[in-house]
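Novice: Dumping the structure here so I can ask a few things about it.
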Amino acid sequence: MKNMLIIKDLRDWFWVTYPDWTTKMSLNVEYITKYFEDLGYCVELTSYREFDYAKNYAGYIVLYTSAEDYCGGSKAFIEDVLVYLKQQGAVLLPEFRYFRAHDNKVMMEILRSGFEDDRLKTIHSSVWPSYEALKAAHFTEYPVIIKKAGGAGGEGVFLAKNQKELYRYAKKVSRMTNLLQFYYLSCVNVKQKLLGKKLVLIHNSKFITQNYIAGLSGDYKVLVFGEHYFVLHRLNRTGDFRASGSGQFTQDAANEIEAVLEFAENCKASIHAPWLSLDICHDGSACHLIEFQCISFGFKAMSLSERHYMREGGKWKVVEGRVMPEQEFCDSVRYYLEKCREE
């Protein structure tokens, strides 16, 4: 008997889907449970609040969720549970490294640097542990993108056109997110200064810098579930360089769609995970991977799409009609596990 563990989050939700543009809800875990029980799995359903630490989960397939929270407390707790499962010999889907990259652009860029396909590395990134580390370096190429490690929807993303703006934005994104702690340490530094002691670092939240690709009107949100590719074209915010968080989507098949799909397929070959969320831009001649996520990403590109794409006979086929997110989720797990067995 094959064993599977499904872990809901601290709200008792499991991932998120969207029945419409304004409503979000949990994936139906009863559907997912029955799907895998019908395939011969013994499925256990739990949550991070009810986790049984006395049990041995060696060999279990584990489907789990991540979290995005202001100060990182929930995700830190989830990480403790996942490390425990990994240590026991459970099989995490996706792998633990991709959990670490969720809502963590520093880890995401570190993983990108290890990709063998150079086409996925045309976005050149530097990772920084603190504002002071950035100031000690020497920048010569502007404009440059600055991003705080966490956050979504374009939050904490800035474009610096010169050194003055670079330092200003870097200081902002590297400031500790817990404002109470930030102000407390600011007061500590007043005392340190009066005593002639070394100041405590208060701008040491990690962040990244990236090269800027000019002239973009938007980007593409691509979700990859098994052999199915869901695409939404996302326009930039009005008067802004950011497409993330704009809320301006279109499903029109632009003349770039085939190139975007080909590029997404290359990403899938390098990022080994059951599901993928890709932010891809096209500069008129080539595609670039802006960001990727492998867990707990938004399902809007799937839930609200009227069509999806799949490779058939070496060409891209358009499949019209909406899909059921729970079935796509389960089918992609099955597809991924079968591929792993073949390899």
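Novice: Could you list all residues from the range 1-27 that are of a type in the set (S, T, N, Q) and modelled with pLDDT of 95 or more? Outline the logic, then answer.
Specialist: Filtering the range 1-27 for residues of a type in the set (S, T, N, Q) gives 3, 17, 22-23, 26.
Across the range 1-27, the qualifying residue is only Asn3.
Novice: Looking at Ser174 and the list (1) touching a His at 6+ places or on another chain (Cβ under 6 Å); (2) on the phi > 0 side of the Ramachandran plot, which single condition is not satisfied?
Specialist: Going through (1) touching a His at 6+ places or on another chain (Cβ under 6 Å); (2) on the phi > 0 side of the Ramachandran plot one by one, Ser174 breaks only (2).
Novice: Restricting to the range 194-252, give me the number of residues that are at pLDDT 85 or above, open to solvent by 60 Å² or more (accessible area, probe 1.4 Å) and under 24 Å from Ser285 (Cβ atoms).
Specialist: The total comes to 2.
Novice: Next question. Which members of the range 169-193 meet the condition of being surrounded by fewer than 13 Cβ atoms within 10 Å (Cβ to Cβ) and under 26 Å from the mean Cα position of the chain (by Cα)?
Specialist: Leu179, the sole residue that qualifies.
Novice: Does any residue of the range 261-268 turn out to be modelled with pLDDT under 90 and either part of a helix (DSSP H, G or I) or on the phi < 0 side of the Ramachandran plot (or both)? Break it down into steps so the answer makes sense when it comes.
Specialist: Going through the range 261-268, the residues modelled with pLDDT under 90 turn out to be none.
No, the range 261-268 contains no residue that is modelled with pLDDT under 90 and either part of a helix (DSSP H, G or I) or on the phi < 0 side of the Ramachandran plot (or both).
Novice: Name the residue that is farthest from Thr209 (Cα to Cα), counting only residues in the range 284-296 that are touching a strand residue (DSSP E or B) at 6+ places or on another chain (Cβ under 6 Å) and surrounded by fewer than 23 Cβ atoms within 10 Å (Cβ to Cβ).
Specialist: Step by step, filter the range 284-296, then rank; the result is His288.
Novice: Please go through the range 144-168 and give me each residue that is surrounded by 14 or more Cβ atoms within 10 Å (Cβ to Cβ) and of a type in the set (S, T, N, Q), ordered by number.
Specialist: Gln163
Novice: What residue, among those in the range 167-204 that are in contact (Cβ under 8 Å) with a residue 40 or more places away in the chain and among the hydrophobic types (A, V, I, L, M, F, W, C), is farthest from Ala136 (Cα to Cα)?
Specialist: Checking each candidate, the answer is Leu201.
The values are calculated or read from the model by the stated rules, or taken from the named source; none is laboratory data. Quick caveat, the model's predicted, so the values are computed rather than measured. Ideal geometry is used to build each Cβ from the backbone, glycine not excepted, and the neighbour counts take in all protein chains shown. Just the protein is used for accessible areas: all its heavy atoms, side chains included, with ligands, DNA and RNA removed. Shrake-Rupley method; radii C 1.70, N 1.55, O 1.52, S 1.80 Å.
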